[in-house]
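Here is the structure we will look at, set down as C-alpha cells.
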Amino acid sequence: MQFRLVPDDTKIRFMRARFIAMAVSGLLMLGSLVALFAPGLNFGIDFQGGILMEVRTPGPADLGTMRRELNQLGLGEIGIQEFGQETDVLIRIGRQEGDEAAQLQAVTTVQNALGDLYGDEISYRRTEFVGPKVSEELLQAGVMAISLALVAVLVYIWFRFEWQYGVGAIVALLHDVLLTLGLFAVTGLEVNLTTVAAVLTIVGYSLNDTVVIFDRVRENLRRYRAMPIPDLLDTCLNETLARTLMTSLTTLLALFALYFFGGEVIRGFTSTKVWGVIIGPYSTVYIATPILLH
C-alpha cells in the first residue's frame with residue numbers, strides 16, 4: 001500500500017484567505033522594522049569586533065561557574081559555549097575601549113581568572129582579534145551578499161517567466177528576509193557570518209519552492225484557458241501541496257537533528273534554517289502567488 005502524505009484530490013481554497021494572510025504578514029513586517037530599531041540586532045564579534053578564545057579544560061567544563069566568574073571581570077557581557085568536546089570552550093569577549101593594548105589586557109585578565117579556576121592544566125588553543133575595520137567590512141560584505149542574491153533572483157525569475165512573476169518572487173523573499181531579521185531582533189539571536197549564510201540559504205530554499213509553483217501555474221495557464229485565475233492558482237497549489245509538505249518535513253527532520261545534537265556552535269544557523277523552512281512555503285502561497293492576480 002502506497003503512503004500518501006496528502007490525498008490526490010485536495011481542493012483547499014488558498015486564495016480565499018489571501019487578504020487575511022497578507023494583512024498578518026504586513027503587520028509582522030511592520031513589527032520587524034520596529035524591532036530592528038528597538039531592541040535592534042545583536043551583532044556578534046564578526047560584525048562588532050572583539051576577541052575570540054578557544055580553551056580546553058582538564059575535565060568537563062562547568063560553563064555556569066566559568067560564565068559567573070568571567071562576567072565579574074568588568075569586561076562587558078562574555079559569551080561562553082561548548083565547542084566540540086565537553087572539555088572545549090569557546091569564549092567571546094566584546095571589543096574593549098582603547099587600542100590593541102586594551103585588547104591584550106582583556107585576554108590576560110580572562111586567562112588569569114581561568115587559571116584561578118583550573119590551574120596550569122587549562123590550555124589556550126586559539127585567540128583571535130577582530131578589529132573595527134574588519135568587522136565593518138564583514139558587515140558590508142554580508143549586506144552586499146544578501147542584496148546581490150535578491151537582485152540575481154529577480155533577474156532569473158524575470159528571464160525564466162515574466163516580470164509579474166519576478167515581482168511576486170522578490171516581494172516574497174523580502175518578506176522572508178525581513179521577518180528573519182525581526183526574529184533576530186526579538187529573540188536576541190546573535191547575528192554573525194554563520195547566520196548571514198543561513199539567511200542566504202533561506203533565500204535559496206524559498207526561491208526553489210516559488211519556482212516549482214510558478215512552473216505549474218505557467219503549465220496550467222495553457223491547459224485551462226477558461227478557468228478563473230483564483231481557481232487556477234488554487235489548483236496549482238493543491239497539485240504541488242504533497243511535494244511542498246514532503247520537502248519541508250524531511251528538511252525539518254534533518255534540521256531538528258542538527259539543532260538538538262549539533263551543539264551550540266551551529267545552533268544559530270539551524271534555528272534560522274528551521275524558521276526559513278516554515279516561512280518559505282507560507283510566503284510562496286500567500287505572498288508570491290496572490291501577486292499574480294494583480
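Overview of values
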read-out	value
Any hit, segment 257-280, residues being within 24 Å of ALA145 (Cα to Cα), assigned to a helix (DSSP H, G or I), in contact with a Gly (Cβ under 8 Å, 6 or more places away or on another chain) and not acidic (Asp, Glu)	yes
Leading residue by the ranking (most open to solvent (accessible area, probe 1.4 Å)) among those in segment 90-100 that are out of contact with any Gly (no Cβ under 7 Å at 6 or more places or on another chain) and at pLDDT below 85	GLU97
Which numbered condition GLU77 misses (of (1) closer than 14 Å to ILE45 by Cα; (2) open to solvent by 60 Å² or more (accessible area, probe 1.4 Å); (3) in contact with a helix residue (DSSP H, G or I) (Cβ under 9 Å, 6 or more places away or on another chain); (4) not aliphatic (A, V, I, L, M))	(3)
Lone unmet requirement of (1) open to solvent by 70 Å² or more (accessible area, probe 1.4 Å); (2) hydrophobic (A, V, I, L, M, F, W, C); (3) more than 18 Å from HIS175 (Cα to Cα); (4) not in a loop (DSSP other than H, G, I, E, B) for VAL55	(1)
Residue check, ILE51 in contact with a Ser or Thr (Cβ under 8 Å, 6 or more places away or on another chain) and modelled with pLDDT under 90	yes
Yes/no for PRO39 being outside any strand (DSSP E or B), open to solvent by 70 Å² or more (accessible area, probe 1.4 Å), touching a Ser or Thr at 6+ places or on another chain (Cβ under 7 Å) and at negative phi	no
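The values are calculated or read from the model by the stated rules, or taken from the named source; none is laboratory data. Note that the structure is a prediction, hence the values are computed from the model and not measured. Cβ atoms come from the backbone with ideal geometry, glycine included; neighbour counts cover every protein chain shown. Remember, those area values only see protein heavy atoms, side chains included, never the ligands or the DNA or RNA. Shrake-Rupley method; radii C 1.70, N 1.55, O 1.52, S 1.80 Å.
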